[in-house]
Every structure is written in C-alpha cells, then in structure tokens.
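Here the structure is laid out as structure tokens; the discussion comes afterwards.
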Amino acid sequence: MTSAVLHIHKLCKSFGGVHAIRDLSFEVGHGEIVGLIGPNGSGKSTTVNALAGVFSASSGEILLAGAHIQKLPEYERVVLGLTRTFQTANVFPDFTVRQQVELGCNSTLKSHPLSSVFGIGIHEGENESIAARVEDILEITDLLGVAEDLVSTTSAAQQRFLMIATALAAEPKIILLDEPAAGMVSHERKTLGNLIKRIRDLGTSVLVIEHHMALIMEVCDRIVVLNFGSKIAEGTPSEIRDNKAVIDAYLGEAV
Ligand SMILES: Nc1ncnc2c1ncn2[C@@H]1O[C@H](COP(=O)(O)OP(=O)(O)OP(=O)(O)O)[C@@H](O)[C@H]1O
Ligand SMILES: [Mg+2]
C-alpha cells in the first residue's frame with residue numbers, strides 16, 4: 001500500500017552477532033494507531049531507533065509518505081514528519097514546560113531557530129502562530145496547569161506527557177511512542193489513552209510500544225507482534241488476543 005504514512009520493508013538490524021530485528025515488514029496508515037508489542041528484548045526499541053535514525057538499519061527500506069528515509073540523519077527525519085519519544089523520560093529539567101514545547105516547534109520554523117534568542121530574522125506572524133500552537137499542544141496534553149513550572153518540579157507522568165507534547169510540536173505525520181505509560185497509575189493511563197486517540201483524530205498517525213495490554217487493546221486499530229526480532233503476528237486487537245502464537249510467546253494467561 002503506497003498511501004501508508006510509514007512503510008517498513010524487510011528491515012534488519014544486528015548488533016555484532018545479535019539479530020535484534022530480522023526481515024521486519026509492516027505499515028502504518030493515515031489516521032491509524034498501530035501497536036508494537038512483544039516480550040522484553042524482542043526488538044521493539046531497536047525498531048523505533050532504526051525508524052528514527054538513532055542508528056542505521058543493517059538492511060531494508062523505510063518509507064515516510066512514500067519517500068525513502070533510511071539513509072537520512074535523525075533531524076532530517078523529524079523535519080520530514082517522523083518524531084518519537086523515549087522509553088525513559090528525556091526532558092530539559094531547567095526549562096519551563098512551555099519553553100520545552102516551544103523548543104520542539106523549532107524544527108518547523110522558517111526563521112533560524114536562534115532567531116528567537118537574538119530577535120533577528122523572524123518571519124512575520126511566526127511568533128504568534130507558534131504561541132498559539134504551543135497553547136493548543138499544552139491543552140491536549142493536559143499540561144496547561146503546569147506550563148510555567150520548571151520541568152524538574154513536574155511529576156514523572158507529566159514529564160512523559162511533556163515528551164509527547166515536544167514531539168507533537170514538530171507537527172509530525174507520525175509519532176513513535178516507546179512505552180509511554182511506564183510508571184503511570186491507572187487514571188494517568190486513561191488520560192494517555194485519550195491523548196493517543198486525540199492525536200490520531202487530529203491527523204497524526206501513531207506507532208505505540210507498550211507492555212500495558214489493556215491500553216494497547218483499547219487504543220490500537222492494529223497490532224504487530226515481535227518475538228526474537230521477527231514479526232509473529234499482525235491483526236486487530238481481538239485477532240491478536242486470540243492468536244495462539246502470541247499467547248504462547250507473550251500474552252500467556254494475562255489477556
Ligand atoms: N545498542 C545495542 N547494542 C547491542 N545490543 C543491543 C543494543 N540495543 C539493543 N540490543 C539488543 O537487541 C535486542 C533487542 O533489544 P530491544 O531494546 O530492541 O528490545 P525491546 O523489545 O525494546 O525490549 P524491552 O521490552 O525490554 O524494552 C536485545 O537482545 C538487546 O540486548
Ligand atoms: Mg524497549
């Protein structure tokens with residue numbers, strides 16, 4: 001399907017003798033939330049890192065909106081519309097929450113990113129439209145109440161929402177979320193689930209890695225299952241829940 005936002009074809013990544021992902025192929029369509037699940041060490045974060053350009057894949061193809069991106073550096077992939085969050089919180093503790101989201105907007109600025117610091121070369125209307133966008137993002141990620149607080153004073157869950165807000169600021173076509181619910185309690189996971197669906201409804205596709213099966217089953221349109229670096233199943237949440245290979249490899253009696 002050429003209309004996919006993200007198309008991965010026969011992707012492989014080895015670290016020395018370890019085949020972290022092997023011949024992995026799947027797609028994420030427009031307006032789709034796809035889950036990537038599997039046991040610890042099955043290759044989920046390696047997939048996200050290869051897609052984001054943290055390292056290059058050993059072989060295979062990655063297409064974003066039809067364009068080959070596998071040879072591009074990380075920041076060019078962000079500019080083209082692919083952003084991600086990390087498995088562990090990755091934020092700037094000395095910034096305010098609002099400043100960190102503003103920083104995320106810089107990848108889409110027509111002016112040079114440092115123009116906001118030196119006050120020169122700012123395109124007309126750019127500051128106003130960024131301020132409005134930051135406000136919208138803070139609202140949908142439930143961070144307006146702590147917008148002027150230092151990041152270091154916010155809760156672990158708020159820092160996870162902030163990572164998503166920062167990634168959204170770049171106006172991505174697709175956002176990759178690596179274990180966004182880690183460390184969250186039940187009501188925070190519910191807010192997260194609603195946010196992921198809102199992101200999809202606003203036009204950004206989502207690839208989400210999670211061990212929280214209730215969240216995955218609730219938000220995903222489709223799920224891809226990895227085991228030892230290979231895809232062992234792909235389908236709707238109800239198909240995956242009933243898939244014997246998936247139950248044997250990962251879900252066990254849990255679902
Ligand atoms: N930078 C690296 N160098 C060497 N081996 C690595 C590296 N990153 C990952 N691996 C190996 O690749 C395999 C897949 O790891 P990966 O982190 O992708 O798993 P995961 O599915 O994200 O697991 P988890 O659920 O625990 O986060 C593992 O065997 C891991 O040890
Ligand atoms: Mg991982």
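The values are calculated or read from the model by the stated rules, or taken from the named source; none is laboratory data. A quick note: this is a predicted structure, and the numbers were derived from the prediction, not measured. Virtual Cβ from ideal backbone geometry, glycine too; neighbours counted across all protein chains shown.
One residue stands out in region 200-218 among those that are crowded, with 21+ Cβ neighbours inside 10 Å and either among the hydrophobic types (A, V, I, L, M, F, W, C) or within 16 Å of ligand 2 (Cβ to nearest atom) (or both): the one that is farthest from the chain's Cα centre (by Cα), namely Ile216.
The residues of region 217-229 that are among the β-branched types (Val, Ile, Thr) and touching a helix residue (DSSP H, G or I) at 6+ places or on another chain (Cβ under 7 Å), listed by number, are Val219, Ile223, Val225.
Pairs meeting the criteria (first residue in region 159-180 and of a type in the set (Gly, Ala, Ser) and assigned to a helix (DSSP H, G or I), second residue within 16 Å of ligand 2 (Cβ to nearest atom) and at pLDDT below 95, beta carbons under 8 Å, at least 6 apart or on different chains) are Ala167/Arg84; Ala167/Thr85. The residues listed here are Ile232, Ile199; of these, the one that is in contact with a helix residue (DSSP H, G or I) (Cβ under 9 Å, 6 or more places away or on another chain), part of a strand (DSSP E or B) and not small (Gly, Ala, Ser) is Ile232.
Cβ separations smaller than 6 Å between residues 6+ apart or across chains give the following pairs from region 79-106 residues that are part of a strand (DSSP E or B) to residues that are among the charged types (D, E, K, R) and modelled with pLDDT of 90 or more: Thr96/Glu148. Counting only residues that are out of contact with any helix residue (DSSP H, G or I) (no Cβ under 6 Å at 6 or more places or on another chain), of a type in the set (Lys, Arg) and either farther than 18 Å from Ala67 by Cβ or within 12 Å of ligand 1 (Cβ to nearest atom) (or both), region 1-37 holds 1 of them. The residue of region 38-74 that is farthest from ligand 1 (Cβ to nearest atom), among those that are part of a helix (DSSP H, G or I) and farther than 30 Å from Ile247 by Cβ, is Glu74.
Considering Thr204, Thr154, which residue is out of contact with any Pro (no Cβ under 6 Å at 6 or more places or on another chain) and among the hydroxyl-bearing types (Ser, Thr, Tyr)?
On the way: Thr204 fails: out of contact with any Pro (no Cβ under 6 Å at 6 or more places or on another chain).
It is Thr154.
For region 64-80, the condition of being of a type in the set (Lys, Arg) and under 20 Å from Ala233 (Cα atoms) holds for none of the residues.
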